[in-house]
Amino acid sequence: SSAKLGLVGLANSLAIEGKKRNICVNAIAPVAGSRMTETILPADLVQQIKPEYVAPLVAYLCHENTTVTGELFELGAGWVSRLRWQRSKGVFFPLDGSFSPESIADKWTQINDFEDPDYPTSAMAAFDPITANLKSLGAKPKTGNEYVDLDKALGYELAPRDMVYTEKDLSLYALSIGAAADPLDPSELKFTYELNQSGFAAFPTFGVTFPFTILDQIGSVPGLKFNPMMLLHGEQYLELKRPLPLTATITTNAKIAQIYDKGSGALVYVDVVSSDEKGAEVAFNRVSLFIRGIGNFGGERGPSSKINLPPQREPDAIHQDLTNENQALLYRLSSGDRNPLHADPAMAAIGGFDKPILHGLCTFGFAARAVVKHFADNDPARFKSIQVRFSKHVFPGETLITEMWQESDTHIIFRTKVAERDEVVLSNAVVELHAPVMEETIVAESATALPKSVAIFEEINGRIQNHPEWIEKVGAIYQFNISGENGGEYIVDLKNSPGSAHPGSDPAAGCTLNMAYADFRAMLKGEIKPEMAFMSGKLQVSGNMLLATKLGPLFSQR
């Protein structure tokens, strides 16, 4: 492998040197049939990775009219692609003595974020971020005004606080965000009744209550002076590191992560980490606070606000909830947010409202419930993270309409509106879910002693019915031959609407997959990756092998 990558480096060097003499040099990485691969790969595949299927690309690259140079191509069995170097945008750190391992840990997620990657194509391009950082450090003027002193405020750590919660607190919180409006709905009752027969669970957004043990210290942050009446909750991000325990003592730490200059005010990011009794991280919150009237201090403007925009099509799901007139009074008791703006008519009037308004995080909880109900079968273990922007206020008693767009099995964009005023109150919002896992329970013996594989394909059939768009995207019929005592023959039809998965054999199948039951079950549970199963011979594929690559969503793993 090292020698092969060395050839790529040699080809790149030759391309650079040869360019001035009109010499083009490229490298190709073909999947080739050989004595080694013929003992590993299925015979059908070996027949499809012959040199004849590499020659067309070689001929094209060698043609006198081709000007492509310095590239790397991968190909095999009629498939051709170009490879390139990719790196994340990365993070700039100040070279003022504060750069430390802790700095790396704090920004680790951003360092590994490939949402907006960079593709360096030359040595100069590779150094661009470094030179840009050095220039910005040399030219950066001192920032600040009478309200904001970045040197003092940035990185300031609030004093850690503890909180203890029990099942009672979880139930009260779930009720305060509209759960179990129908008290006979078992999927909702599990969030509000600790003795529920099908189990009790914490609703995931209970994690946003943790920061309220510590955020009262914001007013005492050095280098940040403001009138509390000018503070608005702008955005909220919550990520659970694991499902919330039913009872716990939570220790919360927070620091001022960033302060952006928005002209009319300052946008303050507070990063909040909450851990359990053993020190294991349970939840991460990023609280975005907009403080009016303290802007124009010469700081950075911050990232673009155009994120998580709904696609230009009808929503995949719409959910409606009617809030109660006393919703804010209930939520303040469950969340720890005792701001009088949500309870005291006199304080609401000072804020310019006719009556107390609903907490933004209460609306946030209602919206999260809608997404988890429609796209995660009310399974809190599927929840990973949520991000929203608070766009408008809500009055208790108003109707919330949450519109949702499923971009993938795990990425749900949404927005929430107030029906009575037709105004968007939550925008730029997204929920990330963990991919569903085929649990061991789906392969349990049935009462009629059917092979365990029957239950698996019944589960697969259910998935197909929930995703009619797969028919258009895949357009093929598959034959699964599962060997062993619990095996059987099954047809997966992703060509003819509405699609299906059922026992049987279809000679018209475009792709046939053969596998032992034990290996098949291990693959579905994520214990064996499909590629490794294929390379080791545990998964054998015949027919149109490229069709097998389209089965990813069907067997998605957490």
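Angle between the Cα long axis of helix 2-19 and the longest principal axis of the chain, 0 to 90 degrees, nearest 10?
90 degrees
Fewest first, what order do THR416, THR252 take by the number of other Cβ atoms within 10 Å?
Ranked by crowding around the Cβ, least crowded first: THR252, THR416.
So how do ASP379, ASP354 line up by other beta-carbon neighbours within 10 Å, fewest first? Intermediate results must be reported in sequence, preceding the final value.
Values: ASP379 16, ASP354 9.
Listed from fewest to most nearby Cβ atoms, that is ASP354, ASP379.
Name the lysines eligible as straight-distance cross-link partners of LYS19: C-alpha to C-alpha under 24 Å, and not fewer than 8 places from it in the same chain.
Here the lysines satisfying the reach criterion relative to LYS19 are LYS4.
Looking at PHE290, PRO345, PHE364, which one has the Cα that reaches farthest to the positive end of the dipole of region 252-365 (charges on Cβ: Lys, Arg +1; Asp, Glu -1)?
Value: PHE290.
Let me have the relative contact order for region 296-455, percent, based on Cα pairs under 8 Å that are six or more residues apart.
Numbers: 267 pairs, mean separation 38.4, N = 160.
Value for region 296-455: 24 percent.
Specify the angular offset, from 0 to 90 degrees and rounded to the nearest 10, of the alpha carbon long axis of helix 167-176 from the longest principal axis of the alpha carbons in the chain.
Helix 167-176 and the main axis of the chain meet at about 90 degrees.
Just rank ARG286, ARG338, fewest to most, by other beta-carbon atoms within 10 angstrom. Could the numbers behind the result be given before it?
Details: ARG286 17, ARG338 11.
Ordered from fewest to most neighbouring Cβ atoms within 10 Å, ARG286, ARG338 come out as ARG338, ARG286.
Output wanted: per-residue J couplings in Hz (rounded whole) for region 499-510, from phi through Karplus 6.51 cos²θ - 1.76 cosθ + 1.60, θ = phi - 60°, x for Gly and Pro.
Those phi angles translate into x, 6, 9, 7, x, x, 9, 10, x, 8, 4, x Hz.
Compute log10 of I(q)/I(0) for the chain with the Debye formula, placing one identical point scatterer on every Cα and leaving out solvent, at q = 0.11, 0.12 Å⁻¹, to two decimals.
Scattering profile of the chain, log10 relative to I(0): -1.18, -1.28.
Determine, from the Cβ-Cβ distance of VAL8 and ASP128 and an R0 of 25 Å, the FRET efficiency 1/(1 + (r/R0)^6), rounded to the nearest 0.05.
Working: r = 22 Å, r/R0 = 0.88.
Efficiency for this residue pair is about 0.70.
Treat every Asp and Glu Cβ in the chain as -1 and every Lys and Arg Cβ as +1, leave all other atoms uncharged, and give the resulting dipole magnitude about the Cα centre to the nearest 20 debye.
On the way: 51 positive and 66 negative charges, 337 e Å.
My answer is approximately 1620 debye.
Want the number for GLU489 to ARG82: 0.36 nm per residue separation, take away the alpha-carbon distance, what's left? Intermediate results must be reported in sequence, preceding the final value.
Working: separation 407, 0.36 × 407 = 146.52 nm, distance 3.80 nm.
My answer for the length gained is 142.7 nm.
Relative to the longest principal Cα axis of the chain, at what angle does helix 452-466 sit, 0 to 90 degrees, rounded to 10?
Rounded to the nearest ten degrees, it is 60.
Got the relative contact order for the chain handy, in percent, Cα pairs under 8 Å and 6 or more residues apart? If you can, show how the numbers build up before the last one.
Details: 1027 pairs, mean separation 52.9, N = 558.
It comes to 9 percent, rounded to a whole number.
How high is the relative contact order of region 269-363, in percent, counting Cα pairs under 8 Å that sit 6 or more residues apart? Before the final figure, lay out the partial values.
Numbers: 68 pairs, mean separation 13.8, N = 95.
Once normalised by length, the contact order is 15 percent.
Whole-Hz ³J(HN,Hα) for each residue in region 358-367, computed from phi via Karplus 6.51 cos²θ - 1.76 cosθ + 1.60 with θ = phi - 60°, x for glycine and proline: what do you get?
Here the 3J(HN,Hα) series is 6, 4, x, 6, 6, 4, 3, x, 4, 5 Hz.
Non-local amide H neighbours of SER483 (under 5 Å, H modeled in plane, Pro and chain starts lacking H): which ones?
GLY488, MET515, ALA516, TYR517
Round to the nearest 0.05 the FRET efficiency obtained for ASP344 and SER198 when R0 = 56 Å and r is the Cβ-Cβ distance. Display every interim value, and only then the final one.
Details: r = 40 Å, r/R0 = 0.72.
E between ASP344 and SER198, to the nearest 0.05, is 0.90.
How large is log10 I(q)/I(0) at q = 0.14, 0.19 Å⁻¹ when the Debye formula is applied to the Cα atoms of region 440-555, each weighted equally and without solvent?
Computed log10 I(q)/I(0) values: -0.53, -1.03.
Rounded to whole Hz and in sequence order, give me ³J(HN,Hα) for region 52-65 from the Karplus expression 6.51 cos²θ - 1.76 cosθ + 1.60, θ = phi - 60°, writing x for Gly and Pro.
Listing the rounded values in order: 4, 8, 9, 4, x, 5, 4, 5, 5, 5, 8, 5, 5, 8 Hz.
For region 509-558, what is one quarter of the convex hull surface built on the Cα atoms, given in nm²?
Details: hull surface 13.5 nm².
So the mean shadow area of the Cα hull is 3.4 nm².
Quick query: amide H of LEU539 versus all other amide H atoms, modeled in the peptide plane; which residues come in under 5 Å with a sequence gap of 5 or more or a different chain?
Correct list: PHE534.
On full extension of the chain, what length is gained from PHE114 through SER497, given 0.36 nm per residue of separation minus the C-alpha to C-alpha distance? Let's see the in-between values first.
Values: separation 383, 0.36 × 383 = 137.88 nm, distance 3.58 nm.
Stretched out fully, the PHE114 to SER497 stretch lengthens by 134.3 nm.
Taking amide H positions as placed in the peptide plane 1.01 Å from N, state which residues far from ILE528 in sequence (5 or more) or on other chains have amide H under 5 Å from it.
Amide H neighbours of ILE528, under 5 Å, 5+ apart: MET523.
May I have the pair-distance distribution P(r) for region 322-415, computed from all Cα-Cα distances with 5 Å bins from 0 and rounded to whole percent?
2, 13, 22, 21, 17, 12, 7, 4, 1, 0
Each reported figure results from applying straightforward, stated rules to the coordinates on display, with no laboratory input. Please read all numbers here as calculations on a predicted model, not as lab measurements. Positions of Cβ are backbone-derived with ideal geometry, glycine not excepted, and every protein chain shown enters the neighbour counts.
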